[in-house]
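The values are calculated or read from the model by the stated rules, or taken from the named source; none is laboratory data. Keep in mind that this is a model prediction, so the values were computed, not measured. Ideal geometry is used to build each Cβ from the backbone, glycine not excepted, and the neighbour counts take in all protein chains shown.
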Amino acid sequence: MQIKKTALYEQHQHLGGKIVDFAGYYMPVQYSGIINEHQRVRKSVGMFDVSHMGEFVISGDKAFDFLQYITINDVSKLVVNRAQYTAMCKEDGGMIDDLILYRRENDYLMIVNASNIDKDWQWVYDHCIDGVELHNRSDELSLIAVQGPKAEATLEKLTDEDLSAIDFYWSAIGRLADVDMTIARTGYTGEPGFELLIANPDAESVWKAIMDAGAEFDIAAAGLGARDTLRLEMGYCLYGNDIDETTHPLEAGLGWITKLKKGDFIGRQAIAEAKEKGLERKLVGFEVKEKNVPRHGFRILHSGVAIGYVTSGSYSPMLEHNIGMGYVDIDHKKEGTPIDIEIRNRSVAATVVKPPFYKPQK
């Protein structure tokens, strides 16, 4: 399979980005260094190319009915320009993907994970009903995330839109850097910021304009490495690590987006049965004060007995110690529970904590 390049690939090369193959795209994992980029986002402003994400447009008279059935959140809560974090599940409750759904004036926009574009497209296509039109625009659109306390101050230089009027998980169709785009107050960092959806031909000019506008705030391009450590400090799930087709939303701590009372949807019966029966395991956060870094797949122990496994782990640049998430038997999910992480045949002490690990400054 040929590896794809985003419309900003040359900018990443120009900035000295370390390019890797990620989900079939050439993407920058870092530029100046993960810790530096991470701290820049927390303290000022950073910019990410997330154009590898997928975009599906869903329209037609039955678009609402279709989306209400294939996603687990309540689509009826969406009004024009509102965004919603949700997921698609299999009949057994296993998660096909987590995603963001936007309601627009005449259709809906679904943003899906890069590694799942083909799988997700096949899923929505296979479950499509009469009265629904589907369009995969993943190769036509770029997505730029501008995140950090100075994100709004950076972007307001480039637009006449009142960015302060766009609330969290809302969007607007506007003009920024002389380009028409969707401006959404969303992100994966826990910091205030925006995600800009742009036609590919305009991506480079917008990227450069934002770089210039953010110069006074010492803006930095940030790669996938910092994106991962930022989301982990917030306890946000990463598909393929913390959630996948073997996990259901309730055990992943996503009961808040799982609306069992809205009516039928794919996976509802299995999820409702799991809730009634009682969960057997739960995704928890934990802190490790030693220098050893917990990694995906490492065993979690209690009194020498395996009780689960690590799904995500990293050094926290803001807390300056190691953190992670993992599934544990339900009896060991309580905050403060002492556990051990098996790292290189050695048990390393850890403690169950409730995410977010880091609380952004107000």
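Just to be sure I understand, how many residues within segment 66-88 are hydrophobic (A, V, I, L, M, F, W, C) and assigned to a loop (DSSP other than H, G, I, E, B)?
4
Looking at segment 269-292 only, could you name the residues that are modelled with pLDDT of 95 or more and not aliphatic (A, V, I, L, M)?
GLN269, GLU273, LYS275, GLU276, LYS277, GLY278, GLU280, ARG281, LYS282, GLY285, PHE286, GLU287
Here is a check on your reading of the model: is LEU279 farther than 25 Å from PHE22 by Cα, in contact with a Ser or Thr (Cβ under 8 Å, 6 or more places away or on another chain) and not acidic (Asp, Glu)?
no
Only one residue in LEU260, LEU254, LEU250 is in contact with a strand residue (DSSP E or B) (Cβ under 8 Å, 6 or more places away or on another chain) and not small (Gly, Ala, Ser), so which one is that?
Details: LEU260 fails: in contact with a strand residue (DSSP E or B) (Cβ under 8 Å, 6 or more places away or on another chain); LEU250 fails: in contact with a strand residue (DSSP E or B) (Cβ under 8 Å, 6 or more places away or on another chain).
Of the residues listed, the single one that is in contact with a strand residue (DSSP E or B) (Cβ under 8 Å, 6 or more places away or on another chain) and not small (Gly, Ala, Ser) is LEU254.
Got a sec? Which strands (runs of 3 or more DSSP E) wholly within segment 16-65 have at least 1 residues that are free of Cβ contacts under 8 Å to residues at least 24 places away in the same chain?
It comes to 18-22, 25-30.
Hey, any hits in segment 189-201 for a residue that's surrounded by fewer than 20 Cβ atoms within 10 Å (Cβ to Cβ), in contact with a Lys or Arg (Cβ under 7 Å, 6 or more places away or on another chain) and not β-branched (Val, Ile, Thr)?
Within segment 189-201, none of the residues are surrounded by fewer than 20 Cβ atoms within 10 Å (Cβ to Cβ), in contact with a Lys or Arg (Cβ under 7 Å, 6 or more places away or on another chain) and not β-branched (Val, Ile, Thr).
Yes/no matrix, rows are residues, columns are (1) surrounded by 18 or more Cβ atoms within 10 Å (Cβ to Cβ); (2) out of contact with any His (no Cβ under 9 Å at 6 or more places or on another chain); (3) of a type in the set (Ser, Thr, Tyr); (4) at negative phi:
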site	(1), (2), (3), (4)
MET325	yes, yes, no, yes
ASP340	yes, no, no, yes
SER347	no, yes, yes, yes
PRO356	no, yes, no, yes
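Criterion first (in contact (Cβ under 8 Å) with a residue 12 or more places away in the chain, surrounded by fewer than 18 Cβ atoms within 10 Å (Cβ to Cβ) and outside any loop (DSSP other than H, G, I, E, B)) does ALA270 satisfy it?
So ALA270 passes the test.
Starting from residues that are closer than 16 Å to HIS12 by Cα and either of a type in the set (Phe, Trp, Tyr) or in a strand (DSSP E or B) (or both), keep the ones in segment 182-220 and report whichever is modelled with the lowest pLDDT.
Top of the filtered list is ALA220.
For residues that are more than 21 Å from the chain's Cα centre (by Cα) and β-branched (Val, Ile, Thr), scanning just segment 66-86, find the one that is surrounded by the fewest Cβ atoms within 10 Å (Cβ to Cβ).
The selected residue is VAL79.
Spot the failing condition for GLU335; the list is (1) surrounded by 13 or more Cβ atoms within 10 Å (Cβ to Cβ); (2) at pLDDT 95 or above; (3) assigned to a loop (DSSP other than H, G, I, E, B), and only one is missed.
Among (1) surrounded by 13 or more Cβ atoms within 10 Å (Cβ to Cβ); (2) at pLDDT 95 or above; (3) assigned to a loop (DSSP other than H, G, I, E, B), the lone unmet condition for GLU335 is (1).
Being buried (at least 21 other Cβ atoms within 10 Å of the Cβ) and assigned to a helix (DSSP H, G or I) is the filter here; which residues of segment 89-123 pass it?
ASN116, ILE117, ASP120
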